[in-house]
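Please read the structure below before turning to the comments.
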Amino acid sequence: MEIRFDRDTCIGMFQCVAEWDAFERDEADGKADLAAAEEVAPDVFEREVPDDAELDAKFAARSCPVDAIEIYDDGDRVV
């Protein structure tokens with residue numbers, strides 16, 4: 001399972017931070033950051049989701065008010 005985070009779309013509500021500890025607050029920019037992620041396009045970050053964090057990652061994606069977080073499983077978007 002992979003997670004994709006569009007930091008440009010993020011509006012800094014930080015619900016994702018409350019749902020999964022891989023997300024961190026960046027108060028200076030007013031945006032969240034996804035730890036251990038690779039930038040795959042300008043301001044778009046991806047990383048693997050550990051098996052034991054799949055539920056938390058899905059909750060983080062569902063909690064985002066602007067849909068800046070997407071979850072993929074075997075290439076298919078699930079959230």
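Brief remarks on what is shown
- When residues of the stretch 14-65 are limited to those that are among the aliphatic types (A, V, I, L, M) and within 12 Å of Met1 (Cβ to Cβ), the one surrounded by the fewest Cβ atoms within 10 Å (Cβ to Cβ): Leu55
- Scanning the stretch 1-60 for residues that are touching a residue at least 60 places away in the same chain (Cβ under 8 Å) and aromatic (Phe, Trp, Tyr) yields a single hit, Phe5.
- Selection count where residues are assigned to a loop (DSSP other than H, G, I, E, B), touching a Cys at 6+ places or on another chain (Cβ under 9 Å) and of a type outside the set (Gly, Ala, Ser), scope the stretch 45-79: 2
Throughout, read-outs are computed from the coordinates displayed, never taken from laboratory work. Computed from a predicted structure; not experimentally measured. Counting neighbours? That spans all protein chains shown, and the Cβs are built from the backbone with ideal geometry, glycine included.
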